[in-house]
Amino acid sequence: MMRNSIAVSRFGGSLQRADGFIIVAVLWILLMLATLATIYSVYVSRSALALTANDAGLETELLASAGLELAAYQLLAVDKDDRRTHGDFRFRLGRANLAVHYLSEAARIDLNEAAKPLLVGLFAVLGARTPDAERYADRVIGWRTEPKAGAQDPEASLYLAAGLSYLPRGAPFVHVSELWLVQGLPPALVEGALPFVTVYSGQAAVDVLDAAPEVLAALPDMTEDRLDDILNRRETMTIAPKSAADLLGTNEPITTTKGGNTFRVDVLIKFDDGRHASSQAVILLGSEKVPYQVLSWRDGSDDAPARLRGAAAR
């Protein structure tokens, strides 16, 4: 009888230990499941945020592309000779209001095509003394000029003497940002010049109908009085002059009223939820295979005209 009692006691103790082990195991499993659920919840939340950001980015890209397409359509809808060199329009698409501005790239000075007097004039307008402006223009021309084969390159020697780790390209500028690399140009001068230069117009002449006042002021023999008169006449013209001489009173070979085939397009977007976005593209019209070609694209541009920013806000 005692043996049976001892056996029952031992058996009961084993059951208690087994029950305790099972409880601990179950608690560990529950803890692991809770941890996995927490990790999964965080993953889902972060994935949702990432997808939301991707959706917003995709929506912005599609809207900017729509603005670019409409600008290209307006430019291509008329003959080249009747094409406007600038324009603004607004439209609504989806959950956003868009404001679009396009402008002939010929309104800027092409770093690869501009003659030295125009470069000198620009640097002088931006505050350089005439001797310095001429030297800076020489450096720009030296950067884009291919060295003669078999001959010593004096331009490269300047870069070596300055202790720079690179040499001038010896070929056309690929991007206006290369201006930062041109030997001897002060950073403040480069920063001031960037809004008025391009590598996309492909022509030496500047479109005087759309050029900024700083670009017009860079023209040879330009005075403040002449500049004010030109700007006033340009503002009040109802019909664009056929030649630069009609506006400037002189037949400068570095001026034109033809906008060319390259345009800069600014697209400003205001979403209904208050978000804002912007893009800037440079397009070339009339290529052989497609109606237009995108030469440059930049998101978050703040170069758009003030009137366009106001239009997007409405």
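The values are calculated or read from the model by the stated rules, or taken from the named source; none is laboratory data. Just so you know, these numbers come straight off a predicted model, no measurement behind them. Note: ideal-geometry Cβ built from the backbone for every residue, glycine included; neighbour counts use all protein chains shown.
Things worth noting here:
- Residues in segment 195-215 that are out of contact with any Ser or Thr (no Cβ under 8 Å at 6 or more places or on another chain) and of a type in the set (A, V, I, L, M, F, W, C) were compared, and the one that is nearest to Trp297 (Cα to Cα) is Val199.
- Of all the residues in segment 232-250, those that are hydroxyl-bearing (Ser, Thr, Tyr) and either at pLDDT 90 or above or assigned to a helix (DSSP H, G or I) (or both) number 1.
- Count - residues of segment 62-99 that are within 18 Å of the chain's Cα centre (by Cα), over 23 Å from Val197 (Cβ atoms) and assigned to a helix (DSSP H, G or I): 8
- Condition met for Asp229 (over 20 Å from the mean Cα position of the chain (by Cα), in a helix (DSSP H, G or I) and either surrounded by fewer than 20 Cβ atoms within 10 Å (Cβ to Cβ) or of a type in the set (Val, Ile, Thr) (or both)): yes
- Those residues of segment 143-158 which are farther than 27 Å from Ser201 by Cβ and either of a type in the set (Gly, Ala, Ser) or surrounded by 13 or more Cβ atoms within 10 Å (Cβ to Cβ) (or both), in sequence order: Ala149, Gly150, Ala151, Asp153, Ala156, Ser157, Leu158
- Within segment 269-289, if we keep just the residues that are within 20 Å of Arg84 (Cβ to Cβ) and in contact (Cβ under 8 Å) with a residue 40 or more places away in the chain, the residue that is surrounded by the fewest Cβ atoms within 10 Å (Cβ to Cβ) turns out to be Gly286.
- Meets criteria (modelled with pLDDT under 95, surrounded by 19 or more Cβ atoms within 10 Å (Cβ to Cβ) and not in a helix (DSSP H, G or I)) for Asp266: no
- Test: residue in segment 100-114 that is surrounded by fewer than 17 Cβ atoms within 10 Å (Cβ to Cβ) and over 22 Å from the mean Cα position of the chain (by Cα): no
- Gly170 meets the stated requirement of being under 17 Å from Asp138 (Cα atoms) and over 21 Å from the mean Cα position of the chain (by Cα).
- Considering (1) assigned to a helix (DSSP H, G or I); (2) in contact with a Phe, Trp or Tyr (Cβ under 8 Å, 6 or more places away or on another chain); (3) within 30 Å of Ile230 (Cβ to Cβ); (4) of a type outside the set (Gly, Ala, Ser), the lone condition that Phe173 does not fulfil carries the number (1).
- All of (1) in a loop (DSSP other than H, G, I, E, B); (2) surrounded by fewer than 17 Cβ atoms within 10 Å (Cβ to Cβ) hold for Glu191 with one exception: (1).
- Residue in segment 197-214 that is in a helix (DSSP H, G or I) and either among the aromatic types (Phe, Trp, Tyr) or not assigned by TED's automatic domain parsing to the domain that holds Ser104 (or both) present: no
- Identity of the residue in segment 195-215, at pLDDT 95 or above and farther than 11 Å from Ile109 by Cβ, that ends up surrounded by the fewest Cβ atoms within 10 Å (Cβ to Cβ): Pro213
- Within segment 124-142, residues that are buried (at least 18 other Cβ atoms within 10 Å of the Cβ) have Cβ atoms under 8 Å from residues that are of a type in the set (Ser, Thr, Tyr) and assigned to a helix (DSSP H, G or I) in these pairs: Ala124/Thr130; Ala128/Tyr136, counting only partners at least 6 apart in sequence or on another chain.
- From the options Ala281, Ala244, residue that is under 25 Å from Pro195 (Cα atoms) and in contact with a helix residue (DSSP H, G or I) (Cβ under 9 Å, 6 or more places away or on another chain): Ala281
- Test result for Gly260, part of a loop (DSSP other than H, G, I, E, B) and in the same structural domain as Tyr73 (by TED's automatic domain parsing): yes
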